[in-house]
Amino acid sequence: MTRPASAERAGHDAGAVSRVVRAPVRPDSFDALFAPADTLVAPLPVAFLLLELVRPLLQADPEHTGEEYVVRYPNGIAVNVELHGNTKLGLPTVSDFDVYFALRQIARDTGQELALELSGVALREIGRALGVPKAEQNGAFLRGLGQSLDRWSAFSIVTDFDFSEVDRAAEASVGRARPYLPETLPRRVRPRRHWHYVLQTGLNEDAVPNARGERSVVGTIRFDRVWVNSVKSASTAWIDAALHRELRDRYAKRLYQTLLVRALRYATWSEQEPWEISVTELLRDWGVKDTRARTRETVLDKLASLEARGIVGRHDTWRAGRTDHVMRLTPGEKLQEARRHVGVRAGESPAHVRLVWALQQGPWAFSPVEARYWAEQAPSVVLRALQRMVYLRETGWEPDKSWGGFVKQALRDEYTFDYDERYQAWLSARLRGYRVPVHVDARRLSDRSLERYAPNGSTDVSDVALAGGDVGAEERAAFETASPANAPEAETFEDTLWGRVRRRLSELLPAAVYQPWIKPLVAREEPAPSNPRLLLEAPDAFAADWVRQKHAPIIAAIAAEEAEQPIEVAVEAVRVAAPRVRAEGA
């Protein structure tokens, strides 16, 4: 991964300061607000309607060159679909979708995601996008890859589905029209059917080698405009292409596609409202004629694998008579992640997506239109404000009126917050990749102590460009410890009940538990003969709630042993004063 120039400059004076080696971070999480832009990754945007309307074969069948069926929607609209395939190789298969996803991945990686053409792609490059090592890309693999491309290039769909709303991509991309979201049902069908292809290409063995010197370069690939417009106007299925490839079984792949469409089309499908489906009916929708018990059980066997990968949540199955099985399914985390990308348009950077997503979350809960407006108008102001909001939420601070009004005022007036030393230390540690709780004073942590808060414990000695700018010497001094020789002295314990309890807890609990949760506690009231109550004060409401739930019982047990009588333990939070804000430039 190439580091920006600012990171190179910061690295010269970083000394022995370490940072967490960044794993890829999804933009649909608050952690993304503290991650460098080049570590943000998003699932692959593909045309939602392509997955919904095209029913691929489960395996290659040269005899199966055409298909006709009707897609029925809950509002009564029935869409007629005809599929026409290669006369020698048949219709595309579920595995051929992996090749299509690989081409879309290459288009995104090369900055051609919204272009209608993709040139200079070698078969081995497609293989790399499929995750196949060069050593395994033998002749048989390349021939199979060529056949998959031939099936796609000869494939066409004829349908009366009305794509007119999707064709408004130009207006939707600049915010002048509402995006065609996946859960929007079609309102009409066309009076006559229209023909569409997916991609058109041909192999050119004599073409000039690509940048890597690889021949077998695919001739210019042209994508049908309707599918490109689909992702431009946010009618997009954000699919985990790597996970789709990982599912080797054809039934598992087809289930993933079906459940993804279901999750995006029907927002009500949830843990509370599971989807109950006949396996026989599902197989018939897939065009599978063999619906015997053995085939149905093969489908059911794939649910455990899909659950392990987060595609399926809680599920039940049972036999319905002698000729059918029934599945009751709930969406897993992967499908819920895809839902969180609904309305995001292809071509938008993950750094932009994280702002749009974060503004719609939390207690401020901006509308999609408001979130997109602010993310586009003032991204740096939004990022700074959201980072501060995460900090305030963790401290338990609440605005006088509403979070939504407070955040909007901060964005309108471009607030610059009081960057006190403690907040700067916490922010700098988070920007370096550490998950430091807000009540822990990062200024007092040595590098070794700081690494306890690393998500994966893996560190290196390079610095990183921060989201809010480089770390200067003054800011770095606020939270770094110069050397082990200057490390804080060993902790001392008062000769009080709480001091004795704390000493035993320091010996009993792991440092990763004791340091952030027990050490910051202060005894506000010690027990008395007439009032056997130990009142502890935590740095904030979150810490107080956590200690009450997780550690109060063991504190009470040790305190009872030390006091030789039952002790009631209460934990309260320090009252946090409202932060002072001022308008930038005031």
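The values are calculated or read from the model by the stated rules, or taken from the named source; none is laboratory data. These numbers were taken from a predicted model, which means no experiment stands behind them. So basically every Cβ, Gly included, is an ideal-geometry build from the backbone, and we count neighbours across all protein chains shown.
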Being polar (S, T, N, Q) and outside any loop (DSSP other than H, G, I, E, B) is the filter; apply it to region 378-422 and report the residue that is farthest from ASP540 (Cα to Cα).
SER380
Residue that is touching a His at 6+ places or on another chain (Cβ under 8 Å) and part of a helix (DSSP H, G or I), where the choices are PRO516, PRO553:
PRO516
Filter region 251-274 down to the residues that are of a type outside the set (S, T, N, Q) and without any contact (Cβ under 8 Å) to a residue 12 or more places away in the chain and list them by number.
GLU273
Determine if region 289-305 includes at least one residue that is part of a loop (DSSP other than H, G, I, E, B), under 24 Å from PRO74 (Cα atoms), in the same structural domain as THR65 (by TED's automatic domain parsing) and without any contact (Cβ under 8 Å) to a residue 24 or more places away in the chain.
no
Taking the options VAL299, VAL261, name whichever one is farther than 27 Å from ALA371 by Cβ, at pLDDT 90 or above and either in contact with a strand residue (DSSP E or B) (Cβ under 9 Å, 6 or more places away or on another chain) or surrounded by fewer than 17 Cβ atoms within 10 Å (Cβ to Cβ) (or both).
VAL299
Consider only pairs whose beta carbons are under 7 Å apart and that are at least six residues apart or on different chains; among these, list those whose first residue lies in region 312-338 and is closer than 20 Å to THR268 by Cα and whose second residue is in a helix (DSSP H, G or I) and at pLDDT below 90.
ALA338/LEU264
Looking only at region 529-538, decide whether some residue is of a type outside the set (Val, Ile, Thr), part of a loop (DSSP other than H, G, I, E, B) and at pLDDT 85 or above.
yes
